[in-house]
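Colleague: Next up is a structure, given as structure tokens.
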2 protein chains.
Amino acid sequence: MKKSYISNNVIRRLPRYLRKLDELSKDGIERISSGELGNQMGLTPSQIRQDFSCFGEFGQQGYGYNVRALHREIATILGLRRSFSVILIGVGNLGHALIENFSFRQFGFRFLGAFEIRKDLVGTDIAGYSVMDAAGQDAFIKDNDVDIAILSVPRPRAQAVADTLMESGIKAIWNFTDVELDAHGSGVIIENIHFADSLLTLSYLLSVEGE
Amino acid sequence: MKKSYISNNVIRRLPRYLRKLDELSKDGIERISSGELGNQMGLTPSQIRQDFSCFGEFGQQGYGYNVRALHREIATILGLRRSFSVILIGVGNLGHALIENFSFRQFGFRFLGAFEIRKDLVGTDIAGYSVMDAAGQDAFIKDNDVDIAILSVPRPRAQAVADTLMESGIKAIWNFTDVELDAHGSGVIIENIHFADSLLTLSYLLSVEGE
């Protein structure tokens with residue numbers, strides 16, 4: 001599998017492809033042409049062929065793509081067969097919303113538990129897991145070789161908590177705090193969810209339309 | 001101001017520029033070169049010059065960009081001076097997290113209130129607003145000419161609720177349900193927050209790094 005020189009834009013489109021292929025597969029569709037796939041996703045067929053060519057060949061000229069095989073390949077490329085482990089840091093409303101609505105297992109992630117600094121929340125239940133005391137976080141990360149921490153703590157504590165996570169050996173932070181975290185050149189991967197960026201894009205589209 | 005032929009990628013970068021300029025402004029920085037801005041944002045200077053050239057000229061050769069003027073221009077382009085009105089549909093954990101953590105006013109939006117179908121939640125408080133009965137939603141949207149609805153209802157109800165919103169004349173839906181909504185060719189703008197897409201991107205980066 002070729003993996004070199006994959007642009008950020010292609011990477012960001014892969015989850016969309018995966019979602020669409022999942023849908024097609026559930027609808028019992030076995031093969032799809034780049035033309036039809038493009039049509040359903042608002043992309044040109046050549047764009048789709050180009051995207052997939054980054055990773056090798058998935059289709060056969062004139063036969064279209066095998067939906068399940070393509071789904072499997074993209075899932076592998078995205079690391080969904082690596083069974084990465086995930087913990088949640090901070091069990092406020094957002095933490096609860098994430099854990100209760102998001103199916104980590106469906107995407108091949110192992111959710112291991114949640115940590116909280118507020119003593120009154122330690123021991124409460126979140127999606128069947130008992131919330132653990134943040135004091136035990138460092139040992140837990142080391143003992144379980146945790147891959148990903150979901151950061152959902154109040155903004156003023158974001159960088160300090162991220163620092164302790166990085167010191168504990170976490171490999172990636174999924175950041176919901178809306179603070180631009182500094183990885184201090186540690187190589188820890190930080191992926192941000194910026195709600196505002198999405199709303200501002202919507203605002204732009206609405207603004208242009210109204211002219 | 002030129003607005004034609006702006007690519008989706010440029011539009012998606014504008015909120016990031018806005019965030020960075022906001023930060024620079026708060027730090028008391030009045031001017032910045034495309035080189036320094038690019039350095040801080042992980043973009044090339046020519047990329048930055050090209051992005052801004054889509055909208056006209058913000059900088060002066062050799063003097064860099066005026067931070068506040070550039071911020072003002074981008075905010076205007078993004079429609080943040082249009083004072084769009086926003087309502088929330090569904091006050092579960094995610095709805096609460098959004099309303100409590102997100103400063104609509106800071107971005108120039110007017111938050112008007114929240115609606116809920118569960119009678120036991122009607123009348124409860126969300127960020128100082130009394131939750132309204134979903135039965136009154138249609139009339140409220142029409143009376144107040146509401147622009148944007150934040151959709152944060154359980155997945156099985158997502159499309160049905162979106163349909164009623166579109167019939168009521170809503171102009172845009174900020175969709176947190178992880179369901180691909182059908183706008184039925186209505187022209188209603190739908191902007192999706194797909195948490196999974198972000199986590200899968202992180203998974204990809206983690207996966208590649210481990211090789």
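FYI, it's all coordinate maths here, none of it is from the lab. Predicted model only: the values in this text are computed from it and were never measured. A quick note on method: Cβ atoms are made from the backbone with ideal geometry, for glycine too, and the neighbour counts reach across all protein chains shown.
Colleague: For residue B:20, which aspartates and glutamates qualify as cross-link partners when the Cα separation must be under 19 Å and same-chain residues fewer than eight apart are set aside?
Modeller: Within the straight-line cut-off, residue B:20 pairs with A:178, A:180, A:182, A:191, A:197, B:30, B:36, B:51, B:57, B:73.
Colleague: Just to confirm the numbers: residue B:25, label point 7 angstrom along the Cα-Cβ line, distances to the other copies in nm, shortest first?
Modeller: Ordered by increasing distance: 4.6 nm.
Colleague: In addition: Please list, by residue number, every one of the trypsin sites (Lys or Arg not before Pro) in segment A:68-99 that is coil in DSSP and has at most 13 other beta-carbon atoms within 10 Å.
Modeller: In loop regions of segment A:68-99 (DSSP not H, G, I, E or B), the sparsely surrounded trypsin sites (Lys or Arg not before Pro) are A:81.
Colleague: Here is a follow-up. Could you please tell me the mean projected area of the C-alpha convex hull for chain B, averaged over all directions and given in square nanometres to one decimal? The partial results should precede the final answer.
Modeller: Numbers: hull surface 59.9 nm².
Directional mean of the projected Cα hull area for chain B stands at 15.0 nm².
Colleague: Give me log10 I(q)/I(0) at q = 0.13 Å⁻¹ for segment B:35-131, Debye formula, one equal scatterer per alpha-carbon, no solvent.
Modeller: Scattering profile of segment B:35-131, log10 relative to I(0): -0.64.
Colleague: Would you pull out the residues with amide H under 5 Å of residue B:150's amide H, same chain only if 5 or more places away, H placed 1.01 Å from N?
Modeller: Sorted by chain and number, the residues that satisfy this are B:87, B:88, B:89, B:174.
Colleague: Taking the Cβ of residue A:147 as the centre, find all other residues whose Cβ is under 10 Å away and add up their charges (Lys, Arg: +1; Asp, Glu: -1).
Modeller: Net of charged neighbours comes to +2.
Colleague: Next question, about the same structure. Pull up the cross-link candidates among the aspartates and glutamates for residue B:142, meaning alpha carbon to alpha carbon under 12 Å and not fewer than 8 places away within one chain.
Modeller: The qualifying aspartates and glutamates are B:167.
Colleague: Shielding by partners for B:11-18, please: the mean number of other protein chain Cβ atoms within 10 Å of each residue's Cβ. Walk me through the numbers on the way to the answer.
Modeller: Details: counts 5, 6, 1, 4, 9, 6, 0, 3.
Whole-number average of other-chain Cβ neighbours for B:11-18 is 4.
Colleague: Oh, and also: Treating each Cα of segment B:8-77 as an identical point scatterer and ignoring solvent, apply the Debye formula and state log10 I(q)/I(0) at q = 0.20, 0.24 Å⁻¹.
Modeller: Treating every Cα as an identical point scatterer, log10 I(q)/I(0) equals -0.76, -1.17.
Colleague: Can you give the three extents of the C-alpha atoms in the protein assembly as shown along their principal axes, from longest to shortest, in whole Å?
Modeller: 53, 52, 51
Colleague: Then there's this: So who's got an amide H within less than 5 Å of the one on residue A:190, skipping anything under 5 residues away but keeping other chains? H placed 1.01 Å off N, in plane.
Modeller: A:173
Colleague: Also: For residue A:129, place a label point 7 Å out from Cα along the Cα→Cβ vector, do the same in each other copy, and report the separations in nm, one decimal, smallest first.
Modeller: 3.1
Colleague: Counting partner chain Cβ atoms within 10 Å of every residue's Cβ in A:92-103, what's the average?
Modeller: Values: counts 5, 10, 7, 2, 5, 10, 5, 1, 3, 10, 4, 2.
Across A:92-103, the average partner-chain Cβ count within 10 Å equals 5.
Colleague: For residue A:38, what is the net charge nearby, where nearby means another residue's Cβ is under 13 Å from its Cβ and Lys, Arg count +1, Asp, Glu -1? Intermediate results must be reported in sequence, preceding the final value.
Modeller: On the way: positive: A:13, A:16, A:20, A:49; negative: A:36, A:51.
Charge balance in the 13 Å sphere: +2.
Colleague: How big is segment B:85-196 by Rg and Dmax over its Cα atoms, in Å?
Modeller: My reading of the Cα-based Rg and Dmax gives 12.9, 36 Å.
Colleague: Okay, moving on. Put a label point 7 Å from Cα along the Cβ direction on residue B:156, then list its distances to the equivalent points in the other copies in nm, shortest first.
Modeller: Result, one decimal in nm: 4.3.
Colleague: Out of all DSSP beta bridges in the protein assembly as shown, what portion is antiparallel? Express it as a percent rounded to 5.
Modeller: Numbers: 12 of 50 bridges.
Looking only at bridges with both residues in the protein assembly as shown, the antiparallel portion is about 25 percent.
Colleague: If each Cα of segment A:120-163 is one equal point scatterer, what is log10 of I(q)/I(0) from the Debye formula at q = 0.21, 0.28, 0.34 Å⁻¹?
Modeller: -0.90, -1.24, -1.16
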